[in-house]
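Contents: one structure, followed by commentary.
All of the numbers you see were taken from the coordinates with simple rules; none came from a lab. Quick caveat: nothing in here was measured; it's all calculated off a predicted structure. Here Cβ is always computed from backbone atoms with ideal geometry, including for glycine, and neighbour counts include all displayed protein chains.
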Protein chains: 2
Amino acid sequence: MTIATVGLLHPGAMGVTAGAAVREPVRVVWASGGRSRETRARAAGAGFEDLGTLEAVTAASDAVLSVCPPHGALALAETVAATGFDGLYVDANAVSPATALEIAAAAAAGGARFVDGGIVGPPAIRPGTTRLYLSGDAAAEVAPLFEDSALEAIDLDAKAGAASALKMCYAGFTKGSAALLLSLRAAASAYGVEDGLLGEWARSQPGLEKRSVRAAATAAPKAWRFAGEMEEIASTLEAAGLPDGFHRAAAEAYVRLAGFRGEPEGVAVEEVVAALLKPADGA
Amino acid sequence: MTIATVGLLHPGAMGVTAGAAVREPVRVVWASGGRSRETRARAAGAGFEDLGTLEAVTAASDAVLSVCPPHGALALAETVAATGFDGLYVDANAVSPATALEIAAAAAAGGARFVDGGIVGPPAIRPGTTRLYLSGDAAAEVAPLFEDSALEAIDLDAKAGAASALKMCYAGFTKGSAALLLSLRAAASAYGVEDGLLGEWARSQPGLEKRSVRAAATAAPKAWRFAGEMEEIASTLEAAGLPDGFHRAAAEAYVRLAGFRGEPEGVAVEEVVAALLKPADGA
């Protein structure tokens, strides 16, 4: 199958770089209907072709690339299937292998074939920073789309679910340990021993204070969507018979930080500690 | 009050170095009754005076120093109180602030005063590696005992519970993140993506593979006593209104590794992964 047109759902901060990484002359189309002003600006800047509606996008596309918050990934696949899309559905989201297989089933219900993906790294602006892992029978059709781009596509040569599993295990440490570190700093604050902890860290764990500051600065504005990802990771461990509590707790921590959505990067660790110690309304 | 004799309970791997750090001419006594051959050898090597029974030790001591696995700390305080010990009871164990206060109450029931302690670092063999944090009214009486020794005593000048809180928050990351990392490596193995994860770590998290290997090597033989410490840390976070799941999960992981007790350091990460994926009998 030749992929001449890719439908990008949606050009968020990560998605726009994935779309931009698709090699010429493959056409990248998207649907501006219902999208934010920020997303429209990003898509226009990248030169994607706006077809207005999801229906128009799926009708025009040989492959659809889903890049969205994990909690919306399955619903998006169902919406796409409802348009009768029968091309290649590539889910590149941070979901558990089990959710990936649900998404595969939803896509198949519309007639599409499925490729499982997982993106590791920041938005792919500079080459060498970001990987798109792919698995499933049709992965080999997708990888060449990103040849020589800032988004390195790696075909795991494994069944659907593997790329998602890899993403879960990777993010489970980076984002999970950030939540753990911030929660412990909050606990030290609650018990009045934060200075003592920072003093001990300075002596025996020299990177940790800076790491906690950086975790607060970068994670807090994105915490609203990390919570869903942590639940997916918890389910990934649970399904393998491993303890799921690390990431259920991380999800709870990130839910408490959801109020920082929209803040620029650089939220102070003191603000994050205060938010962690004040459970969300109704919690 | 002058402390002329310290009762050491017990000369385990950590305890023996704490006893050895007590400055001359303060006498260090212990009770060999019921202790292992290994502990006897350690105590003899350190030159502690063996008084045979706990009763003899508490009768002879102005202060008692408790260094034992966290799950035994409260029972030990109760046993000491039952001997009528009315000196200074120093609990240096990895327990939650709430457990520390229970230990304080148990010690007080026998007539003793209480000092809360928490040890951070490896057994204090070389100076500069290990701190004994102290809190509570009588902390200032204990700190000078360790002057110019390999075990640096730091009086937090805070109420009882603070030293335990500091220890919990510190170990909550070191041992908690080790359990997290090993659990995620086990998950990757379960999903058949361990090579992929190691490949991605090599590119973007260059320390993590080595860290997982080191965590397996050093934590597995001690996991049998880490489980109780993780439960204490979970309770510490819970009492502060923070998510406790990180450390409940870490406890569960360490319980699965309890079978490595007695192994020399250097357990292979593959063995640890296999043990994590095979829940303990009856679990």
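Rounded to two decimals, what is the ratio between the C-alpha radius of gyration of the stretch B:24-63 and 2.2 N^0.38 Å?
In units of the globular-protein estimate, the stretch B:24-63 measures up at 1.13.
For the Cα atoms of chain A, what angle does the longest principal axis make with the long axis of helix A:223-239, in degrees from 0 to 90, nearest 10?
Approximately 80 degrees, to the nearest 10.
I'm checking a number: the convex hull volume of the Cα atoms of the stretch A:211-283, normalised per residue, in Å³. What is it?
Convex hull volume per residue, Cα atoms: 87 Å³.
In angstroms, what radius of gyration and Dmax does the stretch A:133-172 have, counting Cα atoms only?
10.4, 29
Give, in whole angstrom and from largest to smallest, the semi-axes √(5λ) of the equivalent ellipsoid of chain A, with λ running over the eigenvalues of the Cα gyration tensor.
They are 36, 19, 17 Å, listed largest first.
Give me B:M14, B:M230, A:M168 sorted ascending by neighbouring Cβ count inside 10 Å, so fewest comes first.
B:M14, B:M230, A:M168
Return, for the Cα atoms of the stretch A:140-283, the radius of gyration and Dmax in Å, separated by a comma.
Rg and Dmax of the stretch A:140-283, Cα atoms, are 17.6, 57 Å.
Could you work out [θ]222 nm for the protein assembly as shown from helices alone, using -39500 (n - 2.57) per DSSP H run of at least four and dividing by all its residues? Round to the nearest 500 deg cm²/dmol.
Computed mean residue ellipticity for the protein assembly as shown: -15500 deg cm²/dmol.
Just how many % of Cα pairs in the stretch A:200-251 lie over 18 Å apart, if you round to the nearest whole percent?
Of the Cα pairs, 50 percent sit more than 18 Å apart.
Placing +1 on the Cβ of each Lys and Arg and -1 on the Cβ of each Asp and Glu in the stretch A:129-224, which of A:A138, A:A216, A:L184 has its Cα farthest towards the positive end of the resulting dipole?
Result: A:L184, furthest along the dipole toward the positive end.
I need the fraction of alpha carbon pairs in the stretch B:1-155 separated by more than 22 Å, rounded to a whole percent.
In whole percent, the long-distance tail amounts to 31.
So if each residue of separation counts as 0.36 nm, and I subtract the Cα-Cα distance between A:E265 and A:D86, what length gain in nm does that give?
Length gained, A:E265 through A:D86: 60.5 nm.
Report, as a whole number in µm² per second, the diffusion coefficient that Stokes-Einstein gives for the stretch B:39-91 at 20 °C and 1.002 mPa s using the Kirkwood radius over alpha carbon pairs.
Here the translational diffusion coefficient equals 180 µm²/s.
Going by alpha carbons, how many degrees (0 to 90, nearest 10) lie between the helix axis of B:37-46 and the longest principal axis of chain B?
60
Set the bar at 19 Å for Cα to Cα. Now go through A:K175/A:K210; B:K210/B:K278; B:K175/B:K278; B:K175/B:K222 and name every pair that lies beyond it.
B:K210/B:K278; B:K175/B:K278
By how many degrees, between 0 and 90 and to the nearest 10, does the Cα long axis of helix A:73-82 differ from the longest principal axis of chain A?
20
Give the average, rounded to an integer, of partner chain Cβ atoms located within 10 angstrom of each Cβ in A:177-183.
Counting other chains' Cβ atoms within 10 Å and averaging over A:177-183 gives 5.
Less than 12 Å Cβ to Cβ from B:F173, Lys/Arg counted +1 and Asp/Glu -1: what total charge do the surrounding residues give?
Once all neighbours under 12 Å are counted, the net charge is +2.
Applying the Karplus parametrisation 6.51 cos²θ - 1.76 cosθ + 1.60 with θ = phi - 60° to the phi angles of the stretch A:130-144, what ³J(HN,Hα) value in whole Hz is obtained for each residue in order, glycine and proline being reported as x?
Rounded to whole hertz, the list is 9, 10, 10, 7, 10, 8, x, 3, 9, 4, 5, 7, 8, 3, x.
Over what distance in Å are the Cα centres of the stretch A:95-170 and the stretch B:21-57 separated?
One Cα centre to the other: 61 Å.
Using the 10 angstrom Cβ neighbour count as an exposure proxy, how do A:K222, B:K278 rank, fewest first?
Sorted ascending by nearby Cβ count, the order is B:K278, A:K222.
Less than 10 Å Cβ to Cβ from B:R27, Lys/Arg counted +1 and Asp/Glu -1: what total charge do the surrounding residues give?
Cβ neighbours under 10 Å give a net charge of -3.
Check B:S149: other-chain or 5+ apart residues with amide H under 5 Å from its amide H, H built from backbone geometry?
none
Among A:S183, A:S96, which comes first, then next, by fewest other beta-carbon atoms within 10 Å?
A:S96, A:S183
With a Cα-only, solvent-free Debye model of the protein assembly as shown, what are the log10 I(q)/I(0) values at q = 0.05, 0.11 Å⁻¹?
Values, matching the q order: -0.26, -0.95.
Report Rg (one decimal) and Dmax (nearest whole number) for the stretch A:101-217, counting Cα atoms only, units Å.
19.9, 60
State to the nearest 20 debye the size of the charge dipole of the protein assembly as shown about its Cα centre, where the only charges are +1 on K and R beta carbons and -1 on D and E beta carbons.
580
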